1. Given VAL87, VAL91, which one is within 18 Å of LEU25 (Cβ to Cβ), within 16 Å of the ligand (Cβ to nearest atom) and surrounded by 21 or more Cβ atoms within 10 Å (Cβ to Cβ)?
2. Here's a check for you: in the range 260-284, which residue that is over 19 Å from PRO126 (Cα atoms) and free of Cβ contacts under 8 Å to residues at least 60 places away in the same chain is surrounded by the fewest Cβ atoms within 10 Å (Cβ to Cβ)?
3. Quick one: which of SER65, SER18 is loosely packed, with under 14 Cβ neighbours inside 10 Å, of a type in the set (Gly, Ala, Ser) and away from the ligand (no atom under 16 Å from the Cβ)?
4. Just to verify a result, which residue in the range 161-179, among those that are touching a residue at least 40 places away in the same chain (Cβ under 8 Å) and within 20 Å of the chain's Cα centre (by Cα), is surrounded by the most Cβ atoms within 10 Å (Cβ to Cβ)?
5. Output the number of the condition that ARG197 fails; it satisfies all remaining conditions of (1) of a type outside the set (Ser, Thr, Tyr); (2) free of Cβ contacts under 8 Å to residues at least 24 places away in the same chain; (3) within 11 Å of the ligand (Cβ to nearest atom).
6. Within the range 14-24, which residues are under 26 Å from the mean Cα position of the chain (by Cα) and among the charged types (D, E, K, R)?
Amino acid sequence: RTVYVNGDYLPEDEAKISVFDRGFLMADAVYEVTSVLDGKLIDFDGHAVRLERSLRELDMAAPCSKDELLEIHRKLVAENGIVEGLVYLQVTRGSDGDRDFLFPAPETKPGIVLFTQNKPNLADSPASKKGAKIISIEDIRWGRRDIKTTQLLYPSMGKMMAKKAGCDDAWMVEDGYVTEGTSNNAYFIKNGTIVTRPLSTDILHGITRKAVLRLAEEAQMKIEERLFTVDEAKEADEAFTTSASAFVMPVVEIDGVQLGDGTPGPIAKRLREIYLDESRKTAV
Ligand code: PLP
């Protein structure tokens, strides 16, 4: 696999990052994951705009222009023959050659790494046909979840807790209300109304969330952006999550409580289809 590191395209085992890089030492880094369908990028613009925002919020310099980013994405997709899969992008604050809590001098060059992941069944995934079983866990992450940082230890632990419980993923709960999934935004549907938490610094502003809510509105579906509890979601007709890497993922069980007949619900399935159709049409 060819990867991109700080200006160079290299075989993955030849790529190098400094041991003093703050992304490595302090998770002082932001990232994006863009999906690829039919060899094309889904919502590249959305991801590029969110990356700019994450960088701005952390006073981190942009490593290159949006056009250059698109070119790097495309080159890696082509070079690695990705028809369906993901492009992972990370920008780190870099380092000036030592470990220090204080940020390095402003002229320090940020680091940038991109690699692809081949996922031949991304759109037609068996997991999406079965639907996900979810556990709820406490949300103990920091308070700026709107910035897409690489601080993914707790989400990883959450996925491990789900796995140990024989489930697929976890939804996190703060002050009694669901924030989001470990790597996705969370929704339930009751009597035809889609409910999801409103945007704030408490959750990541999902690129897929934005697209799916727009498409749901265009399809005349009812949407309520408000806080909701796990108990409400357990009594729902359906539930689902959204993310760039899993699109719309139906949820069939929450904390051992089966939703509907325990198979993906009709609205979640329809949203997945609409989202995939639209994404393929607008891919770059
Ligand atoms: N929420 C969290 C915590 C995430 O990590 C992600 C994706 O990685 C999402 C939501 C979904 O965001 P997107 O649709 O932009 O992939």
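1. When all the criteria are applied, what remains is VAL91.
2. LYS281
3. SER65
4. Out of the qualifying residues, it is VAL178.
5. (2)
6. Correct list: LYS16, ASP21, ARG22.
Residues checked against (1) more than 10 Å from the ligand (Cβ to nearest atom); (2) closer than 23 Å to GLY265 by Cα; (3) in contact with a strand residue (DSSP E or B) (Cβ under 7 Å, 6 or more places away or on another chain):
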| residue | (1), (2), (3) |
| --- | --- |
| VAL173 | yes, no, yes |
| THR179 | no, yes, yes |
| SER183 | no, yes, yes |
| ASP202 | yes, no, yes |
| ILE207 | no, yes, no |
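Yes or no, residue by residue, for (1) loosely packed, with under 15 Cβ neighbours inside 10 Å; (2) within 16 Å of the ligand (Cβ to nearest atom):
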residue: ASP100; (1), (2): yes, no
residue: PRO104; (1), (2): no, no
residue: VAL113; (1), (2): no, no
residue: ASP124; (1), (2): yes, no
residue: LYS129; (1), (2): yes, no
residue: ILE134; (1), (2): no, yes
residue: ARG141; (1), (2): no, yes
residue: ARG145; (1), (2): no, yes
residue: THR150; (1), (2): no, yes
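Rule-based calculations on the coordinates, nothing more; no lab input. Only a predicted model underlies this, so the values are computations on that prediction, with no experimental measurement involved. Heads up, the Cβs are rebuilt from the backbone with ideal geometry, glycines too, and the neighbour counts pull from every protein chain shown.
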